[in-house]
Structures are given as structure tokens and as C-alpha cells.
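To keep things clear, I will list the structure first and then write my remarks on it.
Coordinate-derived values only; no laboratory data. Please read all numbers here as calculations on a predicted model, not as lab measurements. Note that we place each Cβ from the backbone using ideal geometry, even for glycine, and neighbour counts take in every protein chain shown.
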Amino acid sequence: MKNPSNWLKNALFKLNTLVANERRIGVRILELLFEIEQRKAYAELGYDGIFSFCVRELKFTDSQAFQRIQAMRALNLVPALKEKIESGSMSVSTISQIQVHLRQEQAQGIKYTVEEKRELFNHFENKTSQEVKRGIQELKGTRIRTKLILELDEEAENLWKEFKATSIHQTMGDDLNAFKLLLKSWLKSAEDKKTRSNPQNPRDAQNQRTVSGSTQPKKKTSDSRHVPEAIRREVFERDQFKCTQCGSTHALTIEHLIPYAKGGRHKPDNLKVLCRSCNLHQGVLQFGVAAMKRGSSRPNSSIANPYPQ
């Protein structure tokens, strides 16, 4: 429209102002999320990780949570991205795609310097999401060996969308990765079903346990920080094999109420079961964020052998 009305001029001014504010707020959200993850503060609310915190506490969809988590980590590596988000030259979605690519490259042993990462983000500035996706595929030299086209009815389409959304933290939002995961899940389920229908001969299993027990001596440790096995089992059974703070049954550890580094002993009344997230959060509270960054594990914690329920 060559000659917009005064009403439209005012509306555009208000919209541009609101959008600019929205982008600034978006950056602030990412900064706070990063701070919460660094401090493992989500554990205070009973969440086992930043992803579940974003979905259940902040009410993000799985895709929104995933994109923001990837973007917040990218901002920590390349702070200049904050200005790009605020100016509108890069979106959270775009930054998330590039960050996922960098993570995949790292998993394959390909490392980027900070300057190379900065150049990669700059390369995709002012590009649409589809342009970024195509550009990343070109960088990878991705070649699809078989092109599969499926006609989905409404039910199948909804199931596929739900599967992609719930598995996004594993597939990193990639359709091909999602399809591979779906196939692997089905094959594993089929194999498990086959194993249950053909149980191992009890006598063979007993012989295997006997041989295993005779050839694998019990491990001994001279580390005085190590919680004796009998006490560990007692604490696990007492706490019902779950985190006493958030209820998680994943990545369980033994936590000293009075830290070992501060004189705490290996006694059941001084021990409790925590998941790794809650354990790390306790470490932040007791030793500070800086101390936790310097070490990969808690100085007073004992990583537990997760006895099966």
C-alpha cells in the first residue's frame, strides 16, 4: 500500500514495537533458562532436567522446549547471537538448527573453534528455516539413498506428529532420525517379545551365573570415599530405588546429608538416594556454581550402582 492510512501507520508502529520487545524478552528467557540449568535449580521443583522443566513448568511444547534449550546453549558459546535475535536477523529456530548440526558434528569427532562457530552462524544470517535446513544438508553432503513417500490418513499423521514431538530430544527434530528411531524401537520390541517367548534354559542360566561368579572376583576399592556395597543396597531399598527429592528412577546416586568432604560418614542415617540432577543441584548449593564447573562430579557424592527394582 503506497499511502497507508493513519490508523495503519499507528498499528504498524505498535506492532513493530511489540515484536522488538518480544525478541528482547525471548533473549532474556534464554539467559534465565541457561542460569537455571547451570544451577540445576529445576531440581528444587522436582524436575529431573531442564527439558521437563520447560514442558511442565513453563508449558512449552516439546518442540518449543527443544529449540529454546539448543538456542540458550548456542548463546553461551556465541554471545553475539543475542544481538542477532533482537535485531530479527536470526530466529531461535534457526539458531537451534545450527546448534544441533554442531552437536552432531561433535559426536562424530569433528570439532569447531569458537571463531568457526561464529562464522557458521553468520553464514546463515537472514536465512529462512528451510534455507538453513538445505544449507546444513549441503554442508554434510547428505545423500538420500532411498526416497520413501507415504500417504498417511488422519490417524497416522497425528501419530507421526506425536511421535516426532515426544522424541525430539533424541532425534534433534530431524525427520530421518525420527524414522530411524521408530524402526529401531519396533525391532527392539519384536526382539524382546521373541526373547520372552523363548526363555533361556534355567539350568543354563544357573551355570552361567556360577561361571560368572567364579571368574569375576568382587571389585575392591581403596578409596575411603566409597560407600560399602551393603550400605548402598540398604539405602537403595530404604528409599525404594528412587530419588528422594523428585521421585526420578534415572541415573541414581548416593548423597551424603553431611558431605564427606565436611566429615560426613558412610552411615545410612547420613545417606539418601538422589538422581544426578538433584545431586548436582545440591552440589551447587553447597559448593557454588564455580566449584561445580571446575569438576565433572561432586566431591562428596558416590555414584550409585542402580540396583534394579
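Okay, here's what the table says:
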quantity	calculated
Net +/- balance of residues flanking GLU157 in space, Cβ distance below 14 Å, scoring K and R +1, D and E -1	-4
Set of aspartates and glutamates near LYS161 by C-alpha distance (under 20 Å), chain-local residues within fewer than 8 positions excluded	ASP62, GLU151, ASP153, ASP174, ASP175
Subset of LYS117/LYS164; LYS40/LYS272; LYS82/LYS133 violating a 24 Å alpha-carbon distance limit	LYS117/LYS164
Nitroxide proxy distance, nm - points 7 Å out along Cα→Cβ at ASN270 and GLU115	5.2
Full-stretch length increase - GLU234, ASN6 - with 0.36 nm per residue and alpha-carbon distance subtracted	74.5 nm
Cut-off 14 Å between beta-carbons: net charge of the residues surrounding LEU30, Lys and Arg +1, Asp and Glu -1	+1
